[in-house]
Amino acid sequence: MREPTKNIPADKLVRVTFQPEGRTVEFEFGTLPYEHHGKPMSFLDVAENHGIFLDHACGGVCACSTCHVLTKAGETGLTAADDDELDRLDMAADQQLNSRLGCQAVITRPGDYVVEIPKWNRNYVAEGKPLTLAEQK
Ligand code: FES
């Protein structure tokens with residue numbers, strides 16, 4: 001594990017990188033305030049805490065699939081997807097073996113995590129707003 005850039009003990013460091021922007025956030029495990037979007041310590045919760053836009057049309061209650069992310073590292077530190085999440089993921093665009101819902105995948109221990117926001121959802125991050133239908137063509 002790389003040394004933290006903040007004064008965080010190495011054994012408590014959580015580092016999450018959001019791709020493709022490569023934006024990395026760091027915090028001490030167990031200290032993140034809950035922002036009431038998705039499960040506590042979910043990728044959506046982490047994103048909300050750090051001003052990173054991850055779409056979450058249903059507010060993080062596993063009722064859409066707009067928070068779809070692809071896990072690139074740290075999968076073993078996450079909760080397993082339950083039946084509700086798997087059912088919802090079946091409705092997600094471009095589902096992959098490493099697909100998770102950002103509001104349901106919870107970080108359970110310190111470590112390095114990398115998630116990619118799928119291509120079809122990237123402009124949400126870059127622009128901070130949804131695309132119009134005309135822009136998507
Ligand atoms: S925000 Fe709706 S399922 Fe995650």
ARG100 versus (1) within 14 Å of the ligand (Cβ to nearest atom); (2) assigned to a strand (DSSP E or B); (3) touching a Lys or Arg at 6+ places or on another chain (Cβ under 7 Å): which is the lone unmet condition? (3)
The residue from ARG15, ARG23 that alone is in contact with a Ser or Thr (Cβ under 9 Å, 6 or more places away or on another chain) and more than 26 Å from ALA93 (Cα to Cα) is ARG15
Looking across the stretch 42-88 at residues that are surrounded by fewer than 16 Cβ atoms within 10 Å (Cβ to Cβ) and of a type in the set (Ser, Thr, Tyr), the single one that is farthest from the ligand (Cβ to nearest atom) is THR76
Those residues of the stretch 103-113 which are part of a loop (DSSP other than H, G, I, E, B) and either within 14 Å of the ligand (Cβ to nearest atom) or at pLDDT below 95 (or both), in sequence order: CYS103, GLN104, ALA105
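Results for (1) closer than 13 Å to ILE117 by Cβ; (2) of a type in the set (Gly, Ala, Ser); (3) assigned to a loop (DSSP other than H, G, I, E, B), shown as yes or no for each residue.
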site: ARG15; (1), (2), (3): no, no, no
site: VAL25; (1), (2), (3): no, no, no
site: HIS36; (1), (2), (3): no, no, yes
site: ALA47; (1), (2), (3): yes, yes, no
site: ASP87; (1), (2), (3): no, no, no
site: ALA92; (1), (2), (3): yes, yes, yes
site: GLN95; (1), (2), (3): no, no, yes
When the residues of the stretch 114-137 are filtered to those that are within 14 Å of the chain's Cα centre (by Cα) and not hydroxyl-bearing (Ser, Thr, Tyr), which remaining residue is modelled with the lowest pLDDT? VAL125
Quick one: in the stretch 1-37, which of the residues that are in contact with a helix residue (DSSP H, G or I) (Cβ under 6 Å, 6 or more places away or on another chain) and buried (at least 17 other Cβ atoms within 10 Å of the Cβ) is modelled with the lowest pLDDT? HIS37
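The values are calculated or read from the model by the stated rules, or taken from the named source; none is laboratory data. Just so it is clear, the model here is predicted, and its values are computed rather than measured. Don't worry about glycine lacking a Cβ; one is built from the backbone with ideal geometry, like all the others, and counts go over all protein chains shown.
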